[in-house]
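Notes to accompany the following structure.
The values are calculated or read from the model by the stated rules, or taken from the named source; none is laboratory data. Keep in mind that this is a model prediction, so the values were computed, not measured. Glycine also receives a Cβ, built like all others from the backbone with ideal geometry; neighbour counts cover every protein chain displayed.
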Ligand code: NAD
Ligand code: UFG
């Protein structure tokens with residue numbers, strides 16, 4: 001079977017491509033085709049995917065908003081299913097550049113879905129986010145809870161989910177997984193691929209790793225007055241290799257079933273910022289300086305997944321520990337940062 005991965009040079013995409021190319025699952029991937037415009041990634045990640053997997057794939061440098069390019073791609077390769085990662089993902093930046101987010105994420109998805117439809121390709125796994133649960137649902141978050149958004153990035157995920165639900169409603173031939181990721185962290189155990197954001201990181205783990213590597217002086221801890229065991233924010237961190245495995249399980253599911261399903265990918269456990277710092281200190285072997293600052297606007301105290309649906313539909317369960325997440329993340333960061 002032939003799989004198209006959009007945004008395959010990025011953080012989650014590169015790890016998922018390694019899994020797709022491995023023989024360790026029930027899918028038989030004949031051709032893997034990746035399209036990426038490198039707007040948030042570098043070409044060397046793809047060379048490393050090749051090196052880890054020991055197998056080749058087809059790479060097309062291009063933008064998924066380009067209908068000519070997308071049509072040519074679908075004309076050339078007989079695609080069976082798509083995993084759609086390509087998009088912009090920084091919440092803060094989306095409030096500064098809303099039109100760039102609406103254009104990239106919505107136009108890109110629309111062109112992709114139109115091209116799929118015109119070529120009769122109706123199987124897709126889409127990168128949604130736990131951000132669609134908004135700020136007022138009880139924990140753990142269940143897929144049937146109401147969705148909402150508080151920033152342009154979140155709205156793009158809501159609208160793309162809606163587009164795909166409407167498509168499945170209009171044509172029961174579609175088979176769609178909307179994967180709501182919680183907080184992916186860590187790296188491939190080889191240390192060759194991982195998360196490498198440009199500039200000062202927005203997310204906790206790359207920030208902690210840059211402090212651990214001596215590239216930034218201290219971690220700002222955004223608030224210690226939440227209603228959590230130690231007062232700092234609690235999130236559901238999932239190893240990126242477990243997340244990659246979740247995509248394989250979702251792909252197996254869409255190959256066998258019709259319709260649309262939103263599914264959480266998390267561990268079901270919450271970890272505080274201070275616990276992350278302690279776990280990363282163990283991994284890197286030295287103290288990580290931090291300063292407690294005020295809360296970050298838009299943050300909630302606690303967020304973690306109900307994982308029952310992923311288990312029931314996909315037989316998926318995240319297995320890797322927080323220690324592995326930090327050890328693997330540090331192995332990558334100490335070489336790369
Ligand atoms: P990433 O930025 O590392 O990867 C996205 C990739 O898509 C990059 O390689 C980028 O160059 C490419 N891309 C962006 N726009 C493109 C376009 N128009 N055409 C072609 N390529 C394009 O991000 P990631 O962390 O790997 O996230 C992947 C997906 O998962 C995104 O859709 C993101 O919104 C979603 N997601 C991520 C997280 C997270 O914490 N990392 C959480 C929830 C959801
Ligand atoms: N935090 C700090 N200091 C930092 C960065 C983060 O204390 O420098 C804290 C935050 O306040 C929060 C926790 O660490 O309590 C995690 O923050 P992240 O920014 O790493 O992650 P978020 O949970 O805020 O958001 C991430 C993605 C969103 C996605 C969401 C759910 O950035 O796009 O996970 O998947 F929607």
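Data for the structure
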{"quantity": "Residue pairs meeting the criteria (Cβ under 6 Å; at least 6 apart or on separate chains; first loosely packed, with under 15 Cβ neighbours inside 10 Å, in the stretch 289-311; second assigned to a loop (DSSP other than H, G, I, E, B) and at pLDDT below 95)", "calculated": "298/150"}
{"quantity": "Candidate set: the stretch 222-244, residues that are surrounded by 20 or more Cβ atoms within 10 Å (Cβ to Cβ) and not in a helix (DSSP H, G or I); chosen: the one farthest from ligand 1 (Cβ to nearest atom)", "calculated": "232"}
{"quantity": "From 48, 97, residue being modelled with pLDDT of 95 or more and within 16 Å of ligand 2 (Cβ to nearest atom)", "calculated": "97"}
{"quantity": "Any hit, the stretch 328-335, residues being farther than 29 Å from residue 42 by Cβ, in contact (Cβ under 8 Å) with a residue 12 or more places away in the chain and surrounded by fewer than 17 Cβ atoms within 10 Å (Cβ to Cβ)", "calculated": "no"}
{"quantity": "Test: residue in the stretch 65-81 that is under 19 Å from the mean Cα position of the chain (by Cα) and within 10 Å of ligand 1 (Cβ to nearest atom)", "calculated": "no"}
{"quantity": "Options 9, 90, 53, 86: the member that is crowded, with 16+ Cβ neighbours inside 10 Å, at pLDDT 95 or above, within 16 Å of ligand 2 (Cβ to nearest atom) and more than 17 Å from residue 252 (Cα to Cα)", "calculated": "86"}
{"quantity": "Residue match in the stretch 21-28 (condition: away from ligand 2 (no atom under 16 Å from the Cβ), assigned to a strand (DSSP E or B), surrounded by fewer than 16 Cβ atoms within 10 Å (Cβ to Cβ) and in contact (Cβ under 8 Å) with a residue 12 or more places away in the chain)", "calculated": "no"}
{"quantity": "Qualifying residue in the stretch 251-265 (condition: within 13 Å of ligand 2 (Cβ to nearest atom), under 28 Å from residue 299 (Cα atoms) and buried (at least 18 other Cβ atoms within 10 Å of the Cβ))", "calculated": "yes"}
{"quantity": "Count of residues meeting criterion [buried (at least 20 other Cβ atoms within 10 Å of the Cβ) and within 16 Å of ligand 1 (Cβ to nearest atom)] in the stretch 154-186", "calculated": "18"}
{"quantity": "Residue within the stretch 246-253 that is at pLDDT 95 or above, touching a strand residue (DSSP E or B) at 6+ places or on another chain (Cβ under 6 Å), within 15 Å of ligand 1 (Cβ to nearest atom) and over 30 Å from residue 3 (Cβ atoms) present", "calculated": "no"}
{"quantity": "Only one of 217, 189, 206 that is buried (at least 18 other Cβ atoms within 10 Å of the Cβ), more than 7 Å from ligand 2 (Cβ to nearest atom) and at negative phi", "calculated": "206"}
{"quantity": "Residue in the stretch 105-128 that is farthest from ligand 2 (Cβ to nearest atom), counting only those that are buried (at least 22 other Cβ atoms within 10 Å of the Cβ) and within 19 Å of residue 39 (Cβ to Cβ)", "calculated": "112"}
{"quantity": "Complete set of residues in the stretch 55-72 that are in contact with a helix residue (DSSP H, G or I) (Cβ under 8 Å, 6 or more places away or on another chain) and touching a residue at least 24 places away in the same chain (Cβ under 8 Å)", "calculated": "55, 57, 59, 60, 62, 63, 64, 65, 66, 67, 70, 71"}
{"quantity": "Restricting the stretch 29-50 to residues that are within 14 Å of ligand 1 (Cβ to nearest atom) and assigned to a strand (DSSP E or B), the residue that is surrounded by the most Cβ atoms within 10 Å (Cβ to Cβ)", "calculated": "36"}
